[in-house]
Amino acid sequence: MKHRFRLAAAATLLLAFGGAATAQTLPDYMAPISGRSTAAPADIATKDVLALNTGMFELYGDAAKVFQKNILDKHPVILGLFSGAGGRLILYRPGQPPLDAPQVPVVYQLLKSVGHSTMALAEVVGPYLDNPDNKSWRGSMMAYRSRMQSALETLDATPMQADWRDNNRTILQNNLAFMDECVASGVIPFARLEAFGKKQAPFLAKNVAWAAQTQVAHWMSVLGDWKTQLGPDWEKAYAASNTIYVTRQNNVIFSVLAQFFGADAINSRLLLIETVSFTTTPADMLESLTRIIADRSVGALFFGNYHLMDYELMGGDGRAAIIAETARRGMTPFLPPPVPFGSKQWPTLITPGSGPATIADLK
């Protein structure tokens with residue numbers, strides 16, 4: 001407080017001295033910081049106008065707190081958040097505390113952990129392929145080998161059914177054999193890594209399938225129960241799931257939510273919110289959901305379309321400008337077909353084509 005007071009006092013003195021500079025001579029102790037500043041009228045005007053946009057975000061932030069409360073007071077909201085444990089689902093009900101769903105069975109994490117251990121080996125050796133003069137990978141590999149051996153020795157005590165455990169035992173044993181070969185020879189030929197990858201692929205594919213089955217069965221059960229609990233209120237519920245680019249296509253949690261919300265709710269009450277990291281907080285997700293819903297009312301107010309603000313506001317005019325500008329430059333415009341506001345199509349790639357689309361297609 002003292003620091004802020006001193007700054008305010010100094011600013012007041014400077015303003016006072018600046019205004020009185022023509023009426024009296026400044027004392028010597030003001031000389032190091034005194035001087036008459038100038039500003040062009042255009043610079044002042046630009047700053048004043050730009051300040052409107054800055055102030056808008058502050059006003060929007062204040063209003064969003066009220067909007068969020070109003071939404072949660074009237075509508076159930078389900079947040080589906082990505083996590084390494086198979087996701088997290090939270091149900092917000094008007095007038096009740098948030099309800100966290102039970103976690104996906106831990107076998108999901110076990111399957112992923114073993115699968116990831118194999119892929120981690122590729123990361124360890126990748127920078128050192130066919131380079132016999134660089135042995136800096138040995139320390140990391142030996143440390144990881146110790147963990148791999150411990151996992152293999154305790155595998156039988158994990159909560160995993162017998163045939164799944166056998167598959168994971170094979171994966172871990174193959175990992176250890178590959179590591180031992182690399183350490184013994186002191187070099188990592190690409191051919192060895194390639195052969196290792198092909199050997200592990202069918203076992204890894206089984207883990208992926210079993211993990212997906214475990215995750216989907218769990219969340220289908222949770223959402224089925226929640227839909228029953230909410231009854232008619234389900235039809236006015238909102239749901240949002242987060243994703244980054246790499247998990248955008250065939251997003252598991254969003255796809256499961258879609259089975260219960262139906263096609264008509266996609267991009268209306270069921271939203272896929274893209275982020276820049278795998279994980280995010282419930283507070284950030286609620287803030288994003290609130291902004292989307294609030295912006296829709298603004299779009300309807302000014303332009304008469306409730307879903308206009310779901311799209312880049314300048315996108316249509318930007319599209320026309322691109323077409324005109326490419327024509328002026330002798331180029332052919334490359335743009336997707338226009339999609340109407342309020343489209344119910346999946347917020348991921350949906351155009352069919354040739355080529356593999358699943359791990360099973362790669363066999």
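Within the range 263-272, being small (Gly, Ala, Ser) and open to solvent by less than 30 Å² (accessible area, probe 1.4 Å) holds for Ala265, Ser268.
From Thr280, Thr275, grab the single residue that is crowded, with 17+ Cβ neighbours inside 10 Å and among the hydroxyl-bearing types (Ser, Thr, Tyr). The match here is Thr280. Remark: Leu289 falls outside the filter, which requires a residue to be surrounded by 16 or more Cβ atoms within 10 Å (Cβ to Cβ), in contact with a Ser or Thr (Cβ under 8 Å, 6 or more places away or on another chain) and at pLDDT 90 or above.
Just to be sure, is Phe260 under 22 Å from Ser113 (Cβ atoms), hydrophobic (A, V, I, L, M, F, W, C) and open to solvent by 20 Å² or more (accessible area, probe 1.4 Å)?
In short, no.
Of all residues in the range 156-212, those satisfying the criterion of being within 21 Å of Arg145 (Cβ to Cβ), in a helix (DSSP H, G or I) and β-branched (Val, Ile, Thr) are Thr170, Ile171, Val183.
If you check Ala51 against the conditions, is it modelled with pLDDT of 85 or more, assigned to a helix (DSSP H, G or I) and either surrounded by 10 or more Cβ atoms within 10 Å (Cβ to Cβ) or of a type outside the set (A, V, I, L, M, F, W, C) (or both)? Yes. Of the residues examined, Tyr306 is one that is aromatic (Phe, Trp, Tyr) and touching a helix residue (DSSP H, G or I) at 6+ places or on another chain (Cβ under 7 Å).
If you go through the range 235-292 and pick out every residue that is touching a strand residue (DSSP E or B) at 6+ places or on another chain (Cβ under 9 Å), without any contact (Cβ under 8 Å) to a residue 12 or more places away in the chain and acidic (Asp, Glu), you end up with 1. Screening Ala85 against (1) farther than 20 Å from Ile273 by Cα; (2) in a loop (DSSP other than H, G, I, E, B); (3) open to solvent by less than 50 Å² (accessible area, probe 1.4 Å) leaves a single unmet condition, (1). Take the conditions (1) surrounded by fewer than 16 Cβ atoms within 10 Å (Cβ to Cβ); (2) among the small types (Gly, Ala, Ser); (3) closer than 24 Å to His75 by Cα; (4) touching a residue at least 12 places away in the same chain (Cβ under 8 Å); Gly231 misses just one of them, which is (4).
Tell me, yes or no, whether the range 88-96 has at least one residue that is without any contact (Cβ under 8 Å) to a residue 24 or more places away in the chain and either within 23 Å of Gly197 (Cβ to Cβ) or among the basic types (Lys, Arg) (or both). Within the range 88-96, one or more residues are without any contact (Cβ under 8 Å) to a residue 24 or more places away in the chain and either within 23 Å of Gly197 (Cβ to Cβ) or among the basic types (Lys, Arg) (or both).
If I ask for residues that are open to solvent by less than 80 Å² (accessible area, probe 1.4 Å) and in contact (Cβ under 8 Å) with a residue 24 or more places away in the chain, which ones from the range 293-308 would you list? Within the range 293-308, Ile293, Ala294, Asn305, His307, Leu308 meet the criteria.
So, in the range 178-208, of the ones that are of a type in the set (Gly, Ala, Ser) and closer than 16 Å to Thr118 by Cα, which residue ends up surrounded by the most Cβ atoms within 10 Å (Cβ to Cβ)?
Filtering the range 178-208 down to residues of a type in the set (Gly, Ala, Ser) leaves 184-186, 191, 195, 197, 201, 205.
Checking the rest, the ones that are also closer than 16 Å to Thr118 by Cα come to 195, 197, 201, 205.
On the way: Ala195: 12, Gly197: 15, Ala201: 13, Ala205: 17.
Top of the filtered list is Ala205.
Of all residues in the range 324-355, those that are under 16 Å from Gln249 (Cβ atoms), open to solvent by 90 Å² or more (accessible area, probe 1.4 Å) and free of Cβ contacts under 8 Å to residues at least 24 places away in the same chain total 2. Does Pro127 count as at pLDDT below 95 and more than 29 Å from the chain's Cα centre (by Cα)? No; evaluated as a whole, the condition is false for this residue. Condition (residue is among the aromatic types (Phe, Trp, Tyr) and farther than 30 Å from Val222 by Cβ) applied to the range 336-346: is it met by at least one residue? Yes, some residue in the range 336-346 is among the aromatic types (Phe, Trp, Tyr) and farther than 30 Å from Val222 by Cβ.
The values are calculated or read from the model by the stated rules, or taken from the named source; none is laboratory data. Fair warning: this is a prediction, and the values are worked out from it, not measured in the lab. Positions of Cβ are generated from backbone atoms using ideal geometry, with glycine treated the same way; all protein chains shown enter the neighbour counts. Note: accessible area is taken over every heavy atom of the protein model, side chains too, but ligands, DNA and RNA are not part of it. Shrake-Rupley method; radii C 1.70, N 1.55, O 1.52, S 1.80 Å.
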